[in-house]
Amino acid sequence: MKKKFKISLAAQILIGLILGIIVGGIFYGNPKIETYLQPLGDIFLHLIKMIVVPIIISTLIVGVAGTGDMKQLGRLGGKSIIYFEIITTVAILVGLLSANIFQPGAGINMNELSQGDISKYVTTTEEVQHEGPFDIIVGIVPTNIIQSMAEGNMLAIIFFSVIFGLGVAAVGDRGKPVLDFFQGVADAMFWVTNLVMKFAPIGVFGLIGVTVSKYGFASLVPLAKLAILVYATMLFFIFVVLGLVAKFAGISIFYLIKVLKDELILAFSTASSEAVLPRIMLKMEKLGAPKDIVSFVIPTGYSFNLDGSTLYQAIAALFIAQMYGIHLSIGEQITLMLVLMVTSKGIAGVPGVSFVVLLATLGTVGIPLEGLAFIAGIDRILDMGRTVVNVIGNSLASLVMAKWEGRFDREKMKNYFNENENLA
């Protein structure tokens, strides 16, 4: 009996990506095309947002309740924050070194560049800067968990889920029906995730089509050096820095990328980490990381471990300084690094986070904020790359934490390897 020909999800998404580029290129500069394509992208992103919160809550409650050990959880939280801080600091250093060595902003004629609209990011930055450092910590504790769910406040949702999971474990047998309920919710939501993914190629087609029709390829030409440097540095960070970290965890970075190929293509196409959150959680669990570690580390990493974003922010800051002919001393660059370390954590999760972080940072070392308007046109292209780095970094973080906690199931990983020998 002949096997039915089946196109893989990765291939479908690639087809959607290519068709979106072609259609966007054909209708470049035509505002009407956005009317038809944007809803396709918006529907897909809405579907993803719809499933993310129930999955995080259910899997985290099941994972924490299954462990029921507050000391173990506290230790995991402390180690995770230390790991996130080290890796994101390395990402900033790699970005600063790359920009200093290759000087992407030197010799750029600003008269040849078009300026994008960054007013919405300025408004967001002003709102964030009114908050003190302790407001961030206070904001982690929700006053109304339903409101936090509606707003997608990930840290508040994680806090509540952890406390609730510990409560379910503490009441023993009386908590078993509750645990069974959330296990059922988690299983059902992963089924829904697979259903939602069937719409991914159409969503990718709409999102890419709109982007290309708006900005075209001409906007890339004057800033080609910046775009190439950002992507080259990200590749260096993935294969060298994360590659060494992966070796510590006992897995090849190449195999991890191969395992995540569908999710990385989707993340790149949509420039959305959320789009792949449910699937990478499931895959990291299959690769040998315990459910409670995966459920805690990956969602938390989405707020504190944005490697691709911090690396890009460091390069973009020096690019703008070089473009204006501003020389930053070693001391000023250290200040820039320290400020980025704080701001990249403090306002994680807000819309246009990389632009908001840069707006909150540039002024501290005397770099003109209006310089950001010159790179707004290619931000979407760069965002696609940094989203991929963020996804790989957070997936790997769950495996590293499992290894660090001595709970990495190597046998489970070997079985997954054997079952997926023909991954390509």
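How much length would be gained if the chain were fully extended between Lys198 and Ile228, taking 0.36 nm per residue of separation minus their Cα-Cα distance, in nm to one decimal?
Length gained between Lys198 and Ile228: 7.6 nm.
Express in % the proportion of alpha carbon pairs of region 220-335 at distances exceeding 20 Å.
Looking at region 220-335, the distances longer than 20 Å represent 54 percent of pairs.
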key: Solvent exposure of the chain as accessible area per residue, Å², 1.4 Å probe   = 46
Estimated vicinal HN-Hα couplings, Hz - region 170-178 in sequence order (Karplus 6.51, -1.76, 1.60; Gly, Pro = x) = 5, 8, x, 4, 5, x, 4, x, 5
inquiry  = Within the chain, which is the longest segment that contains none of the trypsin sites (Lys or Arg not before Pro) sitting in a DSSP loop with at most 12 other Cβ atoms within 10 Å?
reply    = 199-424
message = Just to make sure I understand: if all protein chains stay in place, what is the order of Thr310, Thr35, Thr343 by accessible area at 1.4 Å, largest first?
response = Thr35, Thr343, Thr310
remark   = Summing -39500 (n - 2.57) over every DSSP H run of at least 4 residues in the chain and dividing by its residue count gives a helix-only mean residue ellipticity at 222 nm, to the nearest 500 deg cm²/dmol, of -24000 deg cm²/dmol
request  = Work out how much length His327 to Ile140 would gain on full extension: take 0.36 nm times their residue separation and subtract the Cα-Cα distance, in nm to one decimal.
outcome  = 63.5 nm
note = Here FRET efficiency (C-beta to C-beta, Ile163 to Ile101, R₀ 56 Å, nearest 0.05) is 0.75
ask   = Counting alpha carbon pairs within less than 8 Å and at least 6 residues apart, what relative contact order, in whole percent, applies to region 8-420?
value = 33
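Taking R0 as 25 Å, what's the FRET efficiency between Ala11 and Asp409 from their Cβ-Cβ distance, rounded to 0.05? Could the numbers behind the result be given before it?
Numbers: r = 31 Å, r/R0 = 1.23.
For R0 = 25 Å, the calculated efficiency reads 0.20.
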query = Between Gln38 and Gln183, 0.36 nm times their residue separation minus their Cα-Cα distance comes to what?
reply = 48.7 nm
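Set the Förster distance to 30 Å, then compute FRET efficiency between Val240 and Asn109 from the Cβ-Cβ distance, nearest 0.05.
On the way: r = 33 Å, r/R0 = 1.11.
That gives a FRET efficiency of 0.35.
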query = So, in nm, how far is label Met50 from label Val171 when the simple model puts each one 7 Å beyond its Cα toward the Cβ?
reply = 3.1
remark   = The local net charge around Leu47, scoring Lys/Arg +1 and Asp/Glu -1 for residues other than Leu47 whose Cβ lies under 12 Å from its Cβ, equals 0
query = So, with a 1.4 angstrom probe, what is the percent of accessible area on the chain that is carbon and sulfur?
reply = 66
ask   = Modelled label-to-label distance, Phe417 and Gln147, 7 Å Cα→beta-carbon offset: nm?
value = 5.0
ask   = Helix 379-404: angle to the longest alpha-carbon principal axis of the chain, degrees 0 to 90, nearest 10?
value = 30
inquiry  = Net charge within 13 Å of Leu264 by Cβ-Cβ distance, Lys/Arg positive one each and Asp/Glu negative one each, not counting Leu264 itself?
reply    = +3
ask   = Which of Val241, Val356, Val389 moves most in a GNM of the chain, Cα contacts under 10 Å?
value = Val241
remark   = Going residue by residue through region 47-61, the Karplus relation 6.51 cos²θ - 1.76 cosθ + 1.60 with θ = phi - 60° gives ³J(HN,Hα) values, rounded to whole Hz and with x marking Gly or Pro, of 4, 5, 4, 5, 9, 4, 4, x, 5, 4, 4, 5, 5, 5, 5
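The values are calculated or read from the model by the stated rules, or taken from the named source; none is laboratory data. Note that this is a predicted model, so its numbers are computed, not measured. A quick note on method: Cβ atoms are made from the backbone with ideal geometry, for glycine too, and the neighbour counts reach across all protein chains shown. When the accessible area is computed, the model is the full protein with side chains, heavy atoms only, and any ligands, DNA or RNA have been set aside. Shrake-Rupley method; radii C 1.70, N 1.55, O 1.52, S 1.80 Å.
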